[in-house]
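One structure is given below, encoded as structure tokens.
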């Protein structure tokens with residue numbers, strides 16, 4: 001296993017080409033749902049492209065199920081995140097440092113209107129099990145006077161990368177829009193726009 005850095009990247013679920021004797025997969029569901037399987041069958045004989053469960057899909061499920069539920073409920077819960085670093089050295093404790101965001105939306109016409117949400121930077125602890133990956137704990141950056149000290153403590157030498165991501169509003173909004181577009185396509189929603197309260201609607205690319 002290896003340790004590596006991924007600075008402010010939008011990390012999506014990986015896709016692998018394998019002989020499809022069985023399927024394993026996880027996809028982002030709405031606030032009231034769980035992850036589901038998803039498969040895209042290729043044209044070549046006996047080969048399929050399968051959406052494989054990774055620690056990133058486990059993190060998305062955690063964000064929806066454990067954090068999204070603490071906000072005012074919406075029809076759709078869509079997280080996104082910037083990852084500063086990943087350490088895969090220990091399969092029983094995969095470490096993912098990131099700035100994690102969760103938004104709940106209601107669909108009104110062709111627009112997803114934001115109901116609630118916020119960000120939760122910190123360190124995700126994930127382990128691999130026989131049934132896939134699961135988040136075992138989350139070390140969160142605290143609010144208030146301990147915000148900066150706790151962030152420095154949790155991110156360590158990745159703190160500057162974390163700061164750079166947090167300060168780049170354009171990059172974060174781009175990643176948010178990409179995730180929303182992916183979610184809309186995956187769930188076959190008749191949506192072309194998204195909107196925050198008090199702001200003009202934005203077109204999904």
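The values are calculated or read from the model by the stated rules, or taken from the named source; none is laboratory data. All of these numbers come straight from a predicted model, not from anything done at the bench. Using ideal geometry, Cβ is built from the backbone for each residue, glycine included, and neighbour counts are taken over all protein chains shown.
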Condition check for residue 122: touching a residue at least 40 places away in the same chain (Cβ under 8 Å), closer than 30 Å to residue 187 by Cα and either touching a strand residue (DSSP E or B) at 6+ places or on another chain (Cβ under 8 Å) or assigned to a strand (DSSP E or B) (or both): no
Test: residue in segment 102-116 that is under 16 Å from residue 60 (Cα atoms), under 18 Å from the mean Cα position of the chain (by Cα) and free of Cβ contacts under 8 Å to residues at least 40 places away in the same chain: yes
Any hit, segment 139-152, residues being in contact with a helix residue (DSSP H, G or I) (Cβ under 6 Å, 6 or more places away or on another chain), in a loop (DSSP other than H, G, I, E, B) and within 18 Å of residue 102 (Cβ to Cβ): yes
Pairs, first touching a residue at least 40 places away in the same chain (Cβ under 8 Å) in segment 180-205, second in a helix (DSSP H, G or I) and surrounded by 13 or more Cβ atoms within 10 Å (Cβ to Cβ), C-beta under 8 Å, six or more apart: 189/183; 191/184; 194/177; 194/180
Leading residue by the ranking (nearest to residue 92 (Cα to Cα)) among those in segment 39-77 that are in a loop (DSSP other than H, G, I, E, B) and modelled with pLDDT of 90 or more: 71
When residues of segment 139-162 are limited to those that are under 17 Å from residue 118 (Cα atoms) and free of Cβ contacts under 8 Å to residues at least 12 places away in the same chain, the one surrounded by the most Cβ atoms within 10 Å (Cβ to Cβ): 142
Single unsatisfied condition, residue 171 versus (1) more than 30 Å from residue 110 (Cβ to Cβ); (2) part of a helix (DSSP H, G or I): (1)
